[in-house]
Amino acid sequence: QKDVLQKAAARAFERAVALAGGTASAGKGRRKRKHVEDAEDDLEVAVANEALARRHVESGRLNRLGVQLDLQNRWEEAASAFRAALKAAPAFEPRAANNLGAVIYKNATHRSSGWLEAEPLYAQARDLVERALKHLPGSAPLMKSFKEVQRLQASLKAWRDGAELKQLPVPKDLLEKAAVDGTLVCSWSGGGAKFSRMALNLLASIRRNAPHWERAFVVMALDKETESFLREHGVTTWLHE
């Protein structure tokens, strides 16, 4: 669609140039002057439209580049591409904004050292997704991103309310069953299979390097999808509500 827009603008530009050049030399009489003025106006519009079309095309190219980098889990590079796409676009581009929010969210989830570092990034991601959703209300991909960031913000609040690890609401029966010498190795996960595989990696590492702690390994699930995924893979878990 943007290629078609660019070609149409280029054709309009060429037509206006030809029209302006062809009538400017005729030059006399009110009608001819009006014709020249109209041609010059057409030329200005064509030039503006071509510039807009070029910016749309460049924004689209950068957005597609960001998507490819995202698929390769190169989130920082993808974020740079999406930011460039937003800058190149002649107006706010909701899809690029949503994509940027999504990769910021992923990068914060996977790379941050903890909630304190991740919190402002989650807030930034939420703001981008919310703004994009206002421009494209009802868009399925944008709604999905919004719900995911919203869920994570709720998890953040729940974690803050819980304060310290020792205050985590571990079910008593799980504590009695899994603890080794009264101790649990606790982690948490959310986002379903997409993000919970890290918990499986941690369990595999415990089995290999500290097998005596395997029974004590438990994971607090932040949503039902994650709880189901962990149970299917033999991980002791409970749903934090």
- Task: For the pairs LYS144/LYS194; LYS106/LYS144; LYS106/LYS194; LYS147/LYS194; LYS134/LYS194, note any where the Cα-Cα span goes beyond 22 Å.
- Result: LYS134/LYS194
- Measuring from label point to label point, each 7 Å out along Cα→Cβ, what is the GLU76 to LEU202 span in nm? 2.3
- Item | Computed lengthening from GLU225 to HIS110, 0.36 nm per intervening residue step minus Cα-Cα distance | 39.5 nm
- Set the Förster radius R0 to 22 Å, insert the Cβ-Cβ distance between GLU214 and GLU176 as r into 1/(1 + (r/R0)^6), and round the FRET efficiency to 0.05. 0.85
- What FRET efficiency, computed as 1/(1 + (r/R0)^6) with R0 = 22 Å and r the Cβ-Cβ distance, is obtained for ARG64 and ALA193, rounded to the nearest 0.05? 0.25
- Query: In nm, to one decimal, how far is the modelled label at GLU232 from the one at ASP127, with both set 7 Å along Cα→Cβ?
  - Reply: 3.7
- Plugging the Kirkwood radius over Cα pairs into Stokes-Einstein for segment 75-141, at a temperature of 37 °C and a viscosity of 0.692 mPa s, what D comes out in µm²/s? 271
- Could you tell me what percent of the accessible area of segment 168-233 is made up of carbon and sulfur, with a 1.4 Å probe and every protein chain present? 52
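The values are calculated or read from the model by the stated rules, or taken from the named source; none is laboratory data. Quick caveat, the model's predicted, so the values are computed rather than measured. In this analysis, Cβ positions are derived from the backbone assuming ideal geometry, glycine residues included, and neighbour counts consider all displayed protein chains. With ligands, DNA and RNA removed, areas are computed over all heavy atoms of the protein, side chains included. Shrake-Rupley method; radii C 1.70, N 1.55, O 1.52, S 1.80 Å.
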